[in-house]
Amino acid sequence: AQSVTQPDIHITVSEGASLELRCNYSYGATPYLFWYVQSPGQGLQLLLKYFSGDTLVQGIKGFEAEFKRSQSSFNLRKPSVHWSDAAEYFCAVLGTGNQFYFGTGTSLTVIP
Amino acid sequence: SAVISQKPSRDICQRGTSLTIQCQVDSQVTMMFWYRQQPGQSLTLIATANQGSEATYESGFVIDKFPISRPNLTFSTLTVSNMSPEDSSIYLCSVEGYTRSGNTIYFGEGSWLTVV
């Protein structure tokens, strides 16, 4: 069965510090993986996606993610966090039947 | 990418009433999806709506409670019927977009419903 786990419910970082949000997936075949961001009062915006090829993918707003098959992980990173990055982040995998499976989300707080 | 508009963006509803949420896409799409996001929770797929056929509902969701229409390739509606406070959620419309590199799903801004 397909599933996505985001181990960290809430993370707090200082502005300018680096960020890594963890995502682990369970899927039998080569996964299609996504990261979405949901700002307060907003819908979901696609940050980046991995389908194949280079395991390090670049996204919008300075985010990147690395696919590691051996660890079944797709962690999201940003070298220097901005206050506007405070939001809820969701990892997702595209499973069989074109159904998306979402993690429970990680809430990011950025302190000045 | 697809641009998705949802109406209403927010509403406060009385217990026992029904509300219809509209979803308009700026391009023709085959599959449209409706998700629910309860407070502090992740997204749960309610149903998949294909044009010209009955919507396919996920376990725990039924047509009587969440009737869906899909009259054409750019529009869909979700009705939340006989609402109770437990239905207070964000309801998100989404579509599947096809790019050279593969499928991606895009979301509307969401409809934030509060049932009192």
Worksheet item: Using unit Cβ charges (K, R positive; D, E negative) and no other charged atoms, how large, in debye to the nearest 20, is the dipole of chain B about its Cα centre?
Response: 120
Discussion item. Taking the Cα of B:THR30, stepping 7 Å toward and past its beta carbon, and measuring to each backbone N in the stretch A:6-47: which are under 20 Å?
Written reply: A:32-33
Discussion item. Charges at C-beta only: +1 for Lys and Arg, -1 for Asp and Glu. How large is the resulting dipole of the protein assembly as shown about its Cα centre, in Debye rounded to 20?
Written reply: 160
Practice prompt. For the protein assembly as shown, build the charge dipole from Cβ charges (+1 Lys, Arg; -1 Asp, Glu) around the Cα centre, then report which of A:TYR50, A:GLY105, B:ILE46 sits farthest towards its positive end.
Written response: A:TYR50
Discussion item. Taking the solvent-accessible surface of protein heavy atoms with a 1.4 Å probe, what is the per residue accessible area of the stretch B:50-116 in Å²?
Written reply: 45
Worksheet item: When the accessible area of the protein assembly as shown is split by element with a 1.4 Å probe, what percent falls to carbon and sulfur?
Response: 49
Discussion item. Relative contact order of chain A, please, whole-number percent, based on alpha carbon pairs below 8 angstrom and at least 6 residues apart.
Written reply: 37
Worksheet item: Of the residues A:LEU47, A:LEU19, A:LEU56, which exhibits the maximal mean-square fluctuation in a Gaussian network model of chain A defined by a 10 Å Cα contact cut-off?
Response: A:LEU56
Response to the item:
The FRET efficiency for A:GLU20 and B:THR17, from their Cβ-Cβ distance with R0 = 45 Å and rounded to 0.05, is 0.50
Worksheet item: Taking only the alpha-carbon atoms of the protein assembly as shown, what semi-axes of the equivalent ellipsoid follow from 5 times the gyration tensor eigenvalues under a square root, in whole Å, largest first?
Response: 30, 21, 15
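Note down the magnitude of the dipole of the stretch A:1-101 about its Cα centre, charges +1 on Lys and Arg C-beta and -1 on Asp and Glu C-beta and zero elsewhere, to the nearest 20 debye.
220
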Worksheet item: Just from the alpha-carbon atoms, what are the Rg and Dmax of chain B in angstroms?
Response: 13.6, 46
Practice prompt. Identify all lysines with a Cα-Cα distance to B:LYS65 below 21 Å; exclude those on the same chain that are fewer than 8 residues away in sequence.
Written response: B:LYS7
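Find the sum over both chains of the accessible area lost when B and A are paired, probe 1.4 Å, and report it in Å² to the nearest 100. Each step should come with its number before you reach the end.
Working: alone 6400 and 5870 Å², together 10630 Å².
Separately minus together, B and A give about 1600 Å² buried.
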Response to the item:
The farthest towards the positive end of the charge dipole of the stretch A:1-64, of the residues A:ILE11, A:PRO40, A:THR30, given +1 on Cβ of Lys and Arg and -1 on Cβ of Asp and Glu, is A:THR30
Response to the item:
In terms of the charge dipole of the protein assembly as shown, which places +1 on Lys and Arg and -1 on Asp and Glu at the beta carbon, the residue among A:PHE90, B:THR56, B:THR104 farthest towards the positive end is B:THR104
Practice prompt. Determine the principal axes of the Cα atoms in the stretch B:1-60, then give the extent along each, sorted from largest to smallest and rounded to whole angstroms.
Written response: 34, 26, 24
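The values are calculated or read from the model by the stated rules, or taken from the named source; none is laboratory data. All values reported here derive from a predicted model rather than from experimental measurement. In this analysis, Cβ positions are derived from the backbone assuming ideal geometry, glycine residues included, and neighbour counts consider all displayed protein chains. For accessibility, only protein heavy atoms count, side chains too; no ligands or nucleic acids. Shrake-Rupley method; radii C 1.70, N 1.55, O 1.52, S 1.80 Å.
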